[in-house]
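Before any comments, here is the structure.
The values are calculated or read from the model by the stated rules, or taken from the named source; none is laboratory data. From a predicted model like this one, the values you see are computed outputs, not experimental measurements. Neighbour counts run over all protein chains shown; Cβ positions are idealised from the backbone, glycine included. To get the accessible areas, we keep the full protein, side chains included, count just its heavy atoms, and leave off ligands, DNA and RNA. Shrake-Rupley method; radii C 1.70, N 1.55, O 1.52, S 1.80 Å.
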Amino acid sequence: MFVLDSSGSVGTSDFEKARQFTSRVVSEFTIGPEAVRVGVITFSDAARVAFNLTKFETKANVLMGIAQTQYVGSGTKSDKALRLLAREMASRGRWAEGIPTIGIFVTDGRSNEPDKTIEAAEEIMRNDDFTLTMYAIGITENVDEGELKHIASDPDCIHVHRVGLFEQLEHFVQQIKQLACKSWYSSSSSSSSSSSSSSSSSSSSFSSSSSSSSLHSNFC
């Protein structure tokens, strides 16, 4: 799930670069009901679901949805974005199937209410309804690195990134792909091991697939 800053400080030009980055990342994956699912949230003075994880089933439609995601302007209510993300993950994420859920949070500034943002980020990490790996990307020198570290999963050296310009988001495309695929492969391998040691009545929904490597190819 991508969470894109659409506040007034971003502007239409840089928001377009954020959309291009999102499209580039999506283009690296196999998209479909049994592969990678993608959703986009934007936030300014409010948080909005541009499209959810189950709306589009093809890469072409996901890319169209990203292109149609609107820039809003106004404030930076990061806390509202995180709470909306939590609701979407709880209702539409596939963590219960052994599929990792990943959030990519992109912002160019500090939230309007830092305490609420930190609280919302900590609630996501403590939430028992889903498991979410969060990446936080801060753009320009205006971002609060402390907020990014609260939003992102541990360790910070992997999940927190800073760049000076929106154009530099391109540097993270391959890195995010590699990390996401590694996360998925680890999860599928763990799930396979668990399935083989459990009874048939409690096997996972992927137990009929031939191997974890074949599952991995469905995504990456």
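Observations, loosely collected:
- Residue among 201, 205, 212 that is open to solvent by less than 30 Å² (accessible area, probe 1.4 Å) and modelled with pLDDT under 50: 212
- Scanning region 44-63 for residues that are in a loop (DSSP other than H, G, I, E, B) and loosely packed, with under 15 Cβ neighbours inside 10 Å returns 46, 54, 57, 58.
- Set 41, 66: member being farther than 23 Å from residue 117 by Cβ, open to solvent by less than 50 Å² (accessible area, probe 1.4 Å) and of a type in the set (A, V, I, L, M): 66
- Pairs with Cβ under 6 Å, 6+ apart, first in region 128-149 and within 12 Å of residue 105 (Cα to Cα), second of a type in the set (Asp, Glu): 139/108; 149/156
- Of the residues making up region 1-22, those that are open to solvent by less than 30 Å² (accessible area, probe 1.4 Å) and not in a loop (DSSP other than H, G, I, E, B) are 2, 3, 4, 5, 11, 15, 18, 21, 22.
- Members of region 86-112 found to be open to solvent by 20 Å² or more (accessible area, probe 1.4 Å), closer than 23 Å to residue 18 by Cα and either at pLDDT 95 or above or over 16 Å from the mean Cα position of the chain (by Cα) (or both), listed by number: 110, 112
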